[in-house]
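Asks: My questions will all concern the structure given below.
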Amino acid sequence: MPPDSNDMVTPDQLDHLEKIYQQLHAAPELSHFEEKTGQFMAARLRALGYAVTDQFGHYENPHWTCHGVVALLKNGPGPTVLYRADMDALPVQEQTGLPYASRVAMRNENGEEVPVMHACGHDLHCTLLLGVAAQMQQRAAQWSGTLMLVVQPAEESTDTGAAAMLRAGLYEKFARPDYVIAFHSHAGAATGTIHYVSGYAMADVTSLQITIYGHGGHGAAPHLCKDPIVLAAEIILALQTIVSREIDPMEPAVITVGAIHGGHARNIIPEEVSLELTVRCYQRSVRKQIIAAIRRITTNLGRAAGMQEDRLPVVKVLLCGPAVYNDPDLTSRAVQVFRRVLGEESVKPTKPVMGAEDFALYGMEQKIPSAMFWLGAVAPERIKTHEASGTMLPQLHAPEYAIDVRPALRTGIKAATSLLLDLLQQK
């Protein structure tokens, strides 16, 4: 079926949105500190006629203010659709060379000054949401129901914005949606394309900390000590056998020890070592199996090292987040819409990834149909250049990550608006 040739957004509207994108890109804010970005988005949505609530959400940390934004456009009877964008940036030093590149530095949660960059496309997500908001307001005669726009903070954090907004009663205070959708920039896909996964699309994520105790002393007399660094090394290696020897080979799973903290001097055996881990899988049963295996291995290696029962390693689960599950029926419906308005060749299936997204929380453990789609964000000629040279494109979170803004916005607005109009069809 040939695509609908009429672009929804005019060149003047694209000019306006591109300036907004550049403004957001040049002024990033870290997770939990998105005050100005939240105020900016709330003001823009109010100007479009939406009923806006800002600073919505409740973090577990009482010292943080949640800068979530909820914007409602009620347009008669019908379903409620939640469309979400995230707005926080990352502690990355930008190296794109763009004229509007971020030069921002700010203090993080630990009081350390760090460079800040939109290296995951959240600036594009916010700009896209504003473009879609304007289109839905202009096309109110074509749909009926309630559109709920959520501009979410702290997607990149362990104490996430999605959890904070749901904890504050997002669905109880506003509306429980019938559908939940989102778009995410794709660092390896050409502009003009939409990519989709039906079913499990992104991983269930668990963050853990293992504290390994020892008996410290002089590095020249290890026989008089219990060395937690050696025990940590044994644990790290043993954990690698869980996926290879305990998990069904047909079940994707990852265990990564991303940080080791222990010791202060080369000739001192320390009292303890801390390991920080991330565990990724799709099935909750696999997560449970992996955590149980981590506990078993660390505890028994501690015993094998001769540690007393009250000094055995301690495994602490810091965070569990569900997998992103794209409802098959909603995904199929969306794909049909995308193919109609963009063309068959522009809508492509892709593979699940082991990255994680707190977007999964909005689906309330699959009780509400939800789906996230990948929006091509790289100029096709740039992809060809990298393929010809055999070099890799900058990926999400990379300091060189740069978006081909206008084409991405044009495609995203057309795809997202068309899907919302389909989901909010007049009866």
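Asks: Please go through segment 216-254 and pick out each residue that is buried (at least 17 other Cβ atoms within 10 Å of the Cβ) and either within 28 Å of the chain's Cα centre (by Cα) or in a strand (DSSP E or B) (or both).
Replies: Gly217, Lys226, Leu239, Ile242, Val243, Ile247, Pro252, Ala253
Residue by residue, here is whether (1) out of contact with any helix residue (DSSP H, G or I) (no Cβ under 6 Å at 6 or more places or on another chain); (2) farther than 30 Å from Ile181 by Cα holds:
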{"site": "Arg266", "(1), (2)": "yes, yes"}
{"site": "Glu276", "(1), (2)": "yes, yes"}
{"site": "Cys281", "(1), (2)": "no, no"}
{"site": "Ala293", "(1), (2)": "no, yes"}
{"site": "Gln308", "(1), (2)": "yes, yes"}
{"site": "Val314", "(1), (2)": "yes, yes"}
{"site": "Pro328", "(1), (2)": "yes, no"}
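Asks: For segment 338-372, enumerate the residues that are farther than 15 Å from Glu155 by Cβ, part of a loop (DSSP other than H, G, I, E, B) and of a type outside the set (A, V, I, L, M).
Replies: Gly343, Thr350, Lys351, Pro352, Glu365, Gln366, Lys367, Pro369 - these are the residues of segment 338-372 that are farther than 15 Å from Glu155 by Cβ, part of a loop (DSSP other than H, G, I, E, B) and of a type outside the set (A, V, I, L, M).
Asks: Where residues in segment 150-173 are of a type in the set (D, E, K, R) and assigned to a helix (DSSP H, G or I), which of them is surrounded by the most Cβ atoms within 10 Å (Cβ to Cβ)?
Replies: Arg167
Asks: Go over the candidates Leu147, Leu128 one by one and state the one that is assigned to a strand (DSSP E or B) and buried (at least 22 other Cβ atoms within 10 Å of the Cβ).
Replies: Leu147
Asks: Just the residues that are crowded, with 24+ Cβ neighbours inside 10 Å and not in a strand (DSSP E or B), please, taken from segment 67-81.
Replies: Selection gives His67 alone.
Asks: Within segment 300-330, track down each residue that is outside any strand (DSSP E or B), surrounded by 16 or more Cβ atoms within 10 Å (Cβ to Cβ) and over 21 Å from the mean Cα position of the chain (by Cα).
Replies: Passing the criteria: Leu301, Gly302, Ala305, Met307, Arg311, Leu312, Pro313.
Asks: Would you mind finding the one in Leu82, Leu45, Leu73, Leu30 that is farther than 25 Å from Tyr171 by Cβ and assigned by TED's automatic domain parsing to the domain that holds Thr411?
Replies: Matching residue, one of Leu82, Leu45, Leu73, Leu30: Leu30.
Asks: Further, regarding this structure: Filtering segment 82-117 down to residues that are of a type in the set (Lys, Arg) and in a strand (DSSP E or B), which residue is farthest from Gly161 (Cα to Cα)?
Replies: Here the residue is Arg107.
Asks: Here's another thing I want to ask about it. Could you please give the count of residues in segment 75-102 that are touching a residue at least 60 places away in the same chain (Cβ under 8 Å), within 27 Å of Leu375 (Cα to Cα) and of a type outside the set (A, V, I, L, M, F, W, C)?
Replies: 13
The values are calculated or read from the model by the stated rules, or taken from the named source; none is laboratory data. No experiment lies behind these values; they were computed from the predicted model shown. Positions of Cβ are backbone-derived with ideal geometry, glycine not excepted, and every protein chain shown enters the neighbour counts.
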